[in-house]
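The values are calculated or read from the model by the stated rules, or taken from the named source; none is laboratory data. Here the structure is a predicted model, which is why all the values come from computation and not from measurement. Please note: Cβ atoms are built from the backbone with ideal geometry, for glycine as well, and neighbour counts cover all protein chains shown. Heads up: the accessible areas ignore ligands, DNA and RNA and are worked out on the full protein's heavy atoms, side chains in. Shrake-Rupley method; radii C 1.70, N 1.55, O 1.52, S 1.80 Å.
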Amino acid sequence: VVYEQEGVFIHSSCGKNDDQDSLIAGILRVIEKENEVVVDWRPLDETLDTSNILCAGKDSSSVVEWTQTPKEKCSRGADRPSSYEAEWDMVTTVSFKKKPHSNGDATTHANGESRWSFLFSLADLKSIKQNKEGMGWSYLVFCLKDDVKLPALHFHHGDSKPLIKCLEKHVALNESPHDERVLLVKTQKSLSQSFENLFDESSYGLLQKWKKDPYIVTMGKFSRVTNYIVGSLRSSDPSNQRRPPSEMADFPNDTISGLKINQQEEPGFEVITRIDLGKQPEVSRREPVSPEEWAKNMDSEGRILDVDYIKRLIFKGGLCHTLRKEAWKFLLGYFPWNSSKEERANLQKRKTDEYFRMKLQWKSVSEEQEKRNSRLRDYRSLIEKDVNRTDRTNKFYEGEDNPGLILLHDILMTYCMYDFDLGYVQGMSDLLSPVLYVMENEVDAFWCFVSYMDQMHQNFEEQMQGMKTQLIQLSHLLRLLDSGFCSYLESQDSGYLYFCFRWLLIRFKREFSFQDILRLWEVMWTELPCQNFHLLLCCAILESEKQQIMDKHYGFNEILKHINELSMKIDVEYILCKAEAISMQMMNCKELPQTISEILGIENSSITPDSDTGEDESGAELSCPTSLYQSISTPVIAANGTRDGTQQMAETQSLTPA
């Protein structure tokens, strides 16, 4: 609780006389939770006795009766897992509807909680109207983004200014140019807003149906990167009736404009469902690239002799940790692959000068200047919050006043100077953290991060076009791979694959252990064996969980919960083997639909047009990187971590994730 004030009243219109308002005393709190900040007002006496309500003369600020929308409040059933309590509280954002003017008595809900109680997330706040009463006290009216106005809060025992100061620590408030009494919330470019752009205005009905389902909290917990799903829960439709907990969500027919996940109705997908990809080949992995192997592939001037070969080695086994500091600079594009040692030293010198010039730009901004630069203030505030909760269990970042945290902060602030239009968006600290950990150098980490952000930029843009595209592409791939599983997900209202959002947004950062992420990212950065290999990793994880999901007849709620609980339990080597096997399976297919071929960047002279019958008469072979699996004679490791042998390779495909 970061703010608490008693003596905050609601003047209801349930007084005994027309010229009287009923005064309902309450306590107002601002609560900082892990993923959001909420404002909570509750009556001091939840079992309100209408015979003892104080009355005051009506004035222009009186509000009509407010009540919670029917069926909207989540019931706390006996079957709810206790571990979800904090998350339930976090996301039960209350919406209100106006009722006709009434002089009826105030009542309480069946569960004993006053209908006047309300709670909302600051992510939902649109504006605050301030005013003064003739009696001398001040009052505030909160307006939410769905244009719902909450009951006016009257501060009889103190001023409202401390509340405003508290809120300004979490959101940017600017005075309205049209009304000096109104403070407008300046929307921060955070993922809570950006996720909304996956939806168009016309699709808000879908979100209302999501809101009916209390288990959507699993998405709130699942998305610890941000509270994007909480911020998307908007106004309610009174006509909607909340379904029984035993039923599944009911929005399979809603269409999201701009995110048209194919569900058997688009041309070409009947073709995909008839294609036989054949059996997945057995795949094994080798040991990480050693310093000796790396050194052997360099000439006397420090140039890489065979770039393709070294990439294949990295793809098949990753890198030993001592090599990462050097090799990652090549993989991320900071160092050109054909550069000499001297050329790289000169590049680092130029980049060091460039970095510190940009760093000086924000370091030299005075407090007075920053007061007039709201965007820089917002970026700094968001960075400071995120840095303090990024990988704090890792020794590189643990403890107070850790130099690693200072570098993390400074690099992110300097990136705002490098790309001020994008600035900082929640989740970017997750991408920087492993890079800084490996580089142990501020300048090198910054430029590697810049290169990584060049790849990930669209994920964090306000329109999030990159996320839309990837979700659509993932749907295409999964349907080709297993149309039956896709149909099952659709039947449980999960065909839009939103549970993969976090995977794609920050490249599995929250799904694997820190050391496993180092391995996973360096494999993906080789850009082998095809484009969008990270989407095949998603397919591999989903295919590994398919049997449990279908055998146990998981519905919408259970699928979300199950995917959430996979975090830190996935075997990275097994998933890499499986994703590689899927890529080989698809590249060996002679009837690969054009859509899939384009997603994977595969040149195939026998591509089946999406609107075709799926027949291929040319018999032409795929042009795929078969050399990836050749010329690597070093010992290999199967998915279970043992040295390769024919028996171990045979066991690879029977493994299940940890």
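Grab the beta carbon distance between residue 34 and residue 176, set R0 = 30 Å, and tell me the FRET efficiency rounded to 0.05.
Numbers: r = 32 Å, r/R0 = 1.06.
Calculated value: 0.40.
I'd like the per residue volume of the convex hull spanned by the Cα atoms of the stretch 465-600, given in cubic angstrom. Display every interim value, and only then the final one.
Numbers: hull volume 14.1 nm³, N = 136.
Dividing the Cα hull volume of the stretch 465-600 by its residues yields 103 Å³.
Roughly to the nearest percent, how much of the accessible area of the stretch 302-441 is carbon and sulfur, given a 1.4 Å probe?
Details: 3060 of 6520 Å².
That share works out to 47 percent.
Cβ under 11 Å from residue 370's Cβ, residue 370 left aside: what net charge do those residues give with Lys, Arg +1 and Asp, Glu -1?
On the way: positive: 371, 372, 375, 377, 380; negative: 367, 368, 378.
Net charge in that neighbourhood comes out at +2.
Just to confirm the filter: which GluC sites (Glu not before Pro) across the stretch 354-460 are DSSP coil and have at most 15 other Cβ within 10 angstrom of their Cβ? Don't skip to the answer; put the middle values down first.
Values: sites: 354, 367, 368, 370, 384, 398, 400, 440, 442; in loops: 398, 400, 440.
Passing both the DSSP loop test and the Cβ count: 398, 400, 440.
For the stretch 300-428, what is the accessible area per residue in Å², given a 1.4 Å probe and the full set of protein chains? All intermediate terms of the calculation are to be shown ahead of the outcome.
Values: 6500 Å² over 129 residues.
That works out to 50 Å² for each residue.
Can you pull the one-decimal nm distance between simple spin-label points at residue 420 and residue 402, each 7 Å off the Cα toward Cβ?
Using points 7 Å along Cα→Cβ, the separation is 3.2 nm.
Just how large is the dipole of the stretch 465-600 about the Cα centre, in debye to the nearest 20, putting +1 at every Lys and Arg Cβ and -1 at every Asp and Glu Cβ? Don't skip to the answer; put the middle values down first.
Values: 13 positive and 17 negative charges, 57 e Å.
Rounded to the nearest 20 debye, it is 280 debye.
Can you work out the accessible area per residue across the stretch 527-591, with the rest of the protein chains kept in place, probe 1.4 Å, in square angstrom? Intermediate results must be reported in sequence, preceding the final value.
Working: 2200 Å² over 65 residues.
Result: 34 Å² of accessible area for each residue.
Residues with amide H under 5 Å of residue 302's amide H, sequence separation 5 or more or different chain, H placed in the peptide plane at 1.01 Å from N; which?
341
In nm, give the distance between the simple-model label positions of residue 553 and residue 126, each being 7 Å from the Cα along the Cα-to-Cβ direction.
The two pseudo-label positions are separated by 4.4 nm.
Stokes-Einstein D for the stretch 291-459 at 25 °C, 0.890 mPa s, Kirkwood Rh over Cα pairs, in µm²/s? Spell out each step's value before the answer.
Details: Rh = 17.4 Å.
Calculated translational D: 141 µm²/s.
Please give the net charge around residue 575, taking every other residue with its beta carbon less than 12 angstrom from that of residue 575, where Lys and Arg add +1 and Asp and Glu add -1.
Details: positive: 285, 519, 569, 578; negative: 511, 516, 543, 545, 571, 573, 580.
Net charge around residue 575: -3.
Leaving ligands, DNA and RNA out of it, report the carbon-plus-sulfur percent of the accessible area of the stretch 465-600 at a 1.4 Å probe.
Solvent-exposed carbon and sulfur of the stretch 465-600 make up 44 percent of the total.
Give me the distance in nm between label points sitting 7 Å out from Cα along the Cα-to-Cβ direction at residue 392 and residue 603, one decimal.
Each label point lies 7 Å from its Cα, and together they span 5.2 nm.
Computed from the mean reciprocal separation of all distinct C-alpha pairs, what Kirkwood hydrodynamic radius does the stretch 460-508 have, in Å?
11.4
Over all alpha-carbon pairs in the stretch 389-511, figure out the percentage whose distance exceeds 25 Å. Could the numbers behind the result be given before it?
Working: 2713 of 7503 pairs.
For the stretch 389-511, the fraction of Cα-Cα distances above 25 Å is 36 percent.
When the dipole is taken about the Cα centre of the stretch 282-345, and only Lys, Arg (+1) and Asp, Glu (-1) are charged at their Cβ, what size is it in debye, to the nearest 20? Before the final figure, lay out the partial values.
Values: 12 positive and 11 negative charges, 54 e Å.
It works out to roughly 260 debye.
So which of 329/509; 279/578; 329/385; 129/165; 363/385 end up more than 23 Å apart, counting from Cα to Cα? Please report the intermediate quantities before stating the final value.
Values: 329/509 19 Å; 279/578 12 Å; 329/385 28 Å; 129/165 15 Å; 363/385 18 Å.
Correct reply: 329/385.
Could you give the length gained on full extension between residue 364 and residue 299, defined as 0.36 nm per residue of separation minus the Cα-Cα distance, in nm?
Working: separation 65, 0.36 × 65 = 23.40 nm, distance 4.41 nm.
Going from the current span to full extension adds 19.0 nm.
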